[in-house]
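The structure under discussion appears below in the form of structure tokens.
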Amino acid sequence: STAITTNTKQQLSSPSTVTDNDPKDIITRSSARLSQKENTYTRPRAVRPKRKEPPSPLLTIMSDTNIKTDTTTTTTTTPTNAKTISTKTATTPTKTTTTPPNTPSPKSSSTKKKNATTSSSSSRKKRQRILPNSQPPPTKNWYSIYTLVQELRSDKSAPVDTDGSHALPERHLGDDVYRYQVLIALMLSSQTKDAVVGETMRALQKHGLTPQNIQNTPHEKLNQLLNKVGFHNNKTKYIKEATSILLSTYNADIPPTADEMMKLPGVGPKMAYIIESVAFNTTTGIGVDTHMHRMFNQLKWVNNAKTPEQTREQLEGWLPRDYWAEVNVLWVGFGQETQQQKEKALRKAFACSRPVEALGLYKKVGMDIKKEAKRFGLEEEVTRVMCGGDGVSKK
């Protein structure tokens, strides 16, 4: 008890010992804590480094293809007492195209390609127009075939012989009306069979087929007269327009040359050359229709002609001018008979001077001889012609 009393006295007598409720004691303790905190080293908070993003596919490809990129250094400042961290950031290249080494850029490649195309097109020879009678004949036997067709067509019994543009116009009304009717007949013939053209022309002649009367005929009435021909609406318009031009420019006559005729509405090269030949007895070109275009390609008289106009140009290149005036009617009639009148064509072949050659010609232009002979009961005649009457084939 003596010891406890002594310690208690010492504590009470000690200047630093005060009661908990003493304000001075509270202030003293707070100051002591602050001073202790200031004298203690505080470890700065570590700055977490930025998370590395995975390299983009573009940068990976660029690194694989040895494309170098510029680098710049950026500095990030942390709060007080923090360390400075230096990082390197890749700068995206300006061009994103990835090309292997030693490969020209797309711009230069396209430029070179364009230049190559231009040079190749310029170096390619342009298709030159074939001048009349400037080429050799395409086959050695062309004249033999031509004279055979002349013999087969000597009776002039094809549709074109009775309903063609040379056969339909009325001569008794004067030369200018005759020429006008030749023009109208050719304008109607496009995409229309000759028999239909003939029927329509006779109806127009009954109505009055002169420039003045057609000019005064109402559009609806004229269209009704033409309703059987192909594309009659367009042809009605073209005839009315062409007639008006003839009355105002050519004194109700037609233009004297094929080049001027082609300027009329609805008149093409084929029509113009035939009109010139029939109306003025002048031939500066060959009128080629679909029959001639087909057959001359089959006979190899033209070299892979794609259009009747190409056929015309190639044909004029080698066919003598003496045949230009007749070649249209001659071969159009031959094509009509071999396509539309096959029985008659076969019988004419049997009766001609060269029947084997005639049947061979029919076969070249697309006629199935055996099929047509069976169809018309002419198999024995075909066998007799091909065997020459002795049982030996002449093929």
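The values are calculated or read from the model by the stated rules, or taken from the named source; none is laboratory data. All values derive from a computational prediction rather than experimental measurement. Glycine gets a Cβ as well: all are built from the backbone with ideal geometry, and neighbour counts include every protein chain shown. When the accessible area is computed, the model is the full protein with side chains, heavy atoms only, and any ligands, DNA or RNA have been set aside. Shrake-Rupley method; radii C 1.70, N 1.55, O 1.52, S 1.80 Å.
Here are a few things to note about the model shown:
- Those helices (runs of 4 or more DSSP H) lying entirely in segment 153-225 with at least 2 residues more than 40 Å from the chain's Cα centre (by Cα): 175-189, 194-207, 211-216
- Here THR283 fulfils each of the conditions (1) among the hydroxyl-bearing types (Ser, Thr, Tyr); (2) assigned to a helix (DSSP H, G or I); (3) within 21 Å of ASP259 (Cα to Cα) apart from (2).
- Segment 226-278, residues that are among the hydroxyl-bearing types (Ser, Thr, Tyr) and in a helix (DSSP H, G or I): THR236, TYR238, THR243, SER244, SER248, THR249, TYR273, SER277
- Exactly one residue out of TRP331, TRP301, TRP324 is hydrophobic (A, V, I, L, M, F, W, C), in contact (Cβ under 8 Å) with a residue 12 or more places away in the chain and not in a helix (DSSP H, G or I): that is TRP301.
- Single match in LYS342, LYS374 (criterion: exposed (fewer than 14 other Cβ atoms within 10 Å of the Cβ) and either of a type in the set (Phe, Trp, Tyr) or free of Cβ contacts under 8 Å to residues at least 60 places away in the same chain (or both)): LYS374
- Residues located in segment 273-306, provided they are buried (at least 16 other Cβ atoms within 10 Å of the Cβ) and among the charged types (D, E, K, R): GLU276, ASP289, ARG294
- Candidates ALA185, ALA158 - the one that is farther than 22 Å from LEU299 by Cβ, open to solvent by less than 40 Å² (accessible area, probe 1.4 Å), modelled with pLDDT of 95 or more and out of contact with any Cys (no Cβ under 7 Å at 6 or more places or on another chain): ALA185
- Just one of the listed residues (LYS237, LYS193, LYS206) is open to solvent by 40 Å² or more (accessible area, probe 1.4 Å) and over 24 Å from PRO308 (Cβ atoms), namely LYS206.
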